[in-house]
Amino acid sequence: MRTRRTACAAIVAASALLLTACGDSDDDAAPVESVDSSSFPAGSTMERLSEAGTMTVGTKFDQPLFGLKGPDGTPVGFDVEIAKIIAGELGIGADDIDWIETVSANREPFIEDGQVDIVVATYTINDKRKEVVDFAGPYYLAGQSLMVRADDDSITGPDDLAGKKVCSVSGSTPAGNIADNYPEAELVLFSAYTDCLDPLRNGQVDAVTTDNVILAGYVDESPDDFVIAGDQFTDEPYGIGMMKDDDEFRTWINDLLEEAYEDGRWTTAWESTAGEVLNTPEPPAVDRY
């Protein structure tokens, strides 16, 4: 097993979010094992990245537990740790990853334009997205939920959304699901989920919808303000986005994920981040579509 660095989860004080990233300083960063780039197939993405000794990863900067920008400007969370596992197998240390913020609307364009090598950003695998990008994984199974004000018991699930203002993010799977299946709700769309928080607090919207794990992070930050309303009502498999038709790279990452499930790296990544708040699930079966 290659050595690697894990990050602590978000730790929340009563009035402010405090992030402590374990081993994020240059002095504490654990080195990865050297990798001979020629061990990868000639011309492959793996060879190119390993030889370069660096890679660019798109992730979220505003989602506690999965991808949240820390005090030093480096994101921390489960998605970040998954990306580090991939980079480590290429001989690329955490300090040699270039982190680029990706929001729901720009993930496919960033991959298509080559601005990122992979996207690990609470990125739901679906057929529409697979038309333009490829996915490895899933590495986690989430589900769409609703978050409401702590003093509001009028919403217990999506069937209660008629006439309600529901905040989500442009280009996201949850927003599309509400538009398609709950048209009686009034969608209010922003570019980031954090933009929905103050409108919910202030009563400008009645609910925020996205995946349960994302909402759990916001509830953990502000338990007096927000609660999860009801159960999840979709299945959202999170995958690692990459350039379309790079089958060799996708197969390699899928193999690596299965190894990480078996040798405990996936569990370590979860328990040091999202597992500080959420129970440890079974890792999902990889879909080699």
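Selection of region 31-67 for residues being at pLDDT below 95, surrounded by 15 or more Cβ atoms within 10 Å (Cβ to Cβ) and of a type outside the set (D, E, K, R) yields 32, 35, 37, 63, 64, 65. The residues listed here are 241, 230, 275; of these, the one that is touching a residue at least 24 places away in the same chain (Cβ under 8 Å), buried (at least 17 other Cβ atoms within 10 Å of the Cβ), of a type outside the set (D, E, K, R) and touching an Asp or Glu at 6+ places or on another chain (Cβ under 9 Å) is 241. Of all residues assigned to region 175-190, none qualifies as being assigned to a strand (DSSP E or B) and either touching a residue at least 24 places away in the same chain (Cβ under 8 Å) or crowded, with 22+ Cβ neighbours inside 10 Å (or both).
Per-residue answers, yes or no, for (1) hydroxyl-bearing (Ser, Thr, Tyr); (2) in a strand (DSSP E or B); (3) buried (at least 24 other Cβ atoms within 10 Å of the Cβ):
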site	(1), (2), (3)
108	no, no, no
139	yes, yes, yes
145	yes, yes, yes
167	no, yes, yes
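Exactly one residue among 116, 80 is within 15 Å of residue 242 (Cα to Cα) and in contact (Cβ under 8 Å) with a residue 12 or more places away in the chain, and that residue is 116. Within region 191-221, restricting attention to residues that are of a type in the set (Gly, Ala, Ser) and surrounded by 17 or more Cβ atoms within 10 Å (Cβ to Cβ), the residue that is nearest to residue 126 (Cα to Cα) is 192.
Within region 216-234, the residues that satisfy the criterion of being within 15 Å of the chain's Cα centre (by Cα) and not aliphatic (A, V, I, L, M) are 217, 218.
The values are calculated or read from the model by the stated rules, or taken from the named source; none is laboratory data. Everything quoted here is computed from the prediction, not taken from an experiment. Neighbour counts run over all protein chains shown; Cβ positions are idealised from the backbone, glycine included.
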